[in-house]
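The values are calculated or read from the model by the stated rules, or taken from the named source; none is laboratory data. Keep in mind the model is a prediction, meaning the values are calculated, not measured. Backbone-built Cβ (ideal geometry, glycine too); neighbour counts: all protein chains shown.
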Amino acid sequence: MDPYDFAVDNYDNYWNLFGIWPRAVQNAAGFHLDGAVTRYRTWSQAYDTLAAGGRVVMSVGPPLYTGHLMMLAGFDGQGDPLVHDPARQNGEGYEFSKSAISQSWFTKGGVGYTFFPDETLVAVDDQERNIRPDQLALHQNFPNPFNPSTTVSFSLPSNTHIRLGLYDLTGRQVAELINGNLPAENHQLVWNAENQASGVYLIRLESGSETQMKRMTLLK
């Protein structure tokens with residue numbers, strides 16, 4: 001799209017400024033970029049996001065910077081963070097000590113801008129519902145991002161016992177949607193997240209020894 005039009009769309013009327021990150025993340029969601037403003041409390045949360053294929057832009061402060069954005073790239077063998085730091089020469093994969101960056105990030109509030117690569121959204125229509133699936137499949141929720149409800153769909157090739165649960169990035173279960181036997185067909189249900197906080201959640205489908213997971217983003 002036209003860069004000028006995109007910049008105008010990102011204008012924040014409250015602050016009368018361009019480039020306000022929460023507004024930019026919100027606007028990007030309108031173009032199907034799976035992103036959210038997230039508060040991280042521990043390194044394990046950030047590690048789980050990277051392991052799930054996400055990217056974390058950290059908003060850091062003193063003692064490293066008065067205010068700055070860096071992208072978390074990973075961790076070295078000793079567990080120290082590797083970041084892409086645009087303020088440093090040769091700043092790609094720059095290594096910081098965990099204590100220094102912890103103070104600069106978590107003390108400031110642990111705010112991160114979390115993004116995931118775009119995925120194809122799949123919704124099951126009435127015609128597809130009548131076609132018996134040939135394999136177990138958990139489809140991407142739709143819409144995604146969502147507020148406050150989203151449709152979850154999955155396919156079962158045989159009558160089986162399943163568990164369908166929702167988890168935050170710490171691994172804590174926030175909801176159990178199904179725990180029981182279902183027939184072989186395409187299934188849909190709606191999850192209302194009105195009482196949940198904004199952020200990235202994982203939906204996990206378990207059937208026998210097989211497990212499938214998808215990411216979903218709640219934006220309020």
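Mind listing whichever residues of region 8-36 are small (Gly, Ala, Ser), exposed (fewer than 13 other Cβ atoms within 10 Å of the Cβ) and either modelled with pLDDT of 75 or more or within 23 Å of Asn141 (Cα to Cα) (or both)?
Of the residues in region 8-36, the ones small (Gly, Ala, Ser) are 19, 24, 28-30, 35-36.
Okay, now just the ones that are also exposed (fewer than 13 other Cβ atoms within 10 Å of the Cβ), so 19, 30.
The answer is Gly30, and nothing else.
Specify the residue that is modelled with the highest pLDDT; the eligible residues are those in region 110-130 that are surrounded by 11 or more Cβ atoms within 10 Å (Cβ to Cβ) and in a loop (DSSP other than H, G, I, E, B).
Filtering region 110-130 for residues surrounded by 11 or more Cβ atoms within 10 Å (Cβ to Cβ) gives 110-116, 119, 121-124, 128-129.
Imposing the further condition that a residue be in a loop (DSSP other than H, G, I, E, B) reduces the set to 110, 119, 121-124.
Values: Gly110: 92, Glu119: 47, Leu121: 34, Val122: 36, Ala123: 37, Val124: 40.
Residue satisfying both the conditions and the ranking: Gly110.
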- Under 8 Å between Cβ atoms, at least 6 apart or on separate chains: pull out the pairs that start in region 40-51 with a residue that is surrounded by 13 or more Cβ atoms within 10 Å (Cβ to Cβ) and end on any residue that is assigned to a helix (DSSP H, G or I). Tyr40/Ala46; Tyr40/Trp105; Trp43/Lys98; Trp43/Ser102
- In region 158-195, what residues are within 17 Å of Lys220 (Cβ to Cβ) and without any contact (Cβ under 8 Å) to a residue 24 or more places away in the chain? Ala175, Asn195
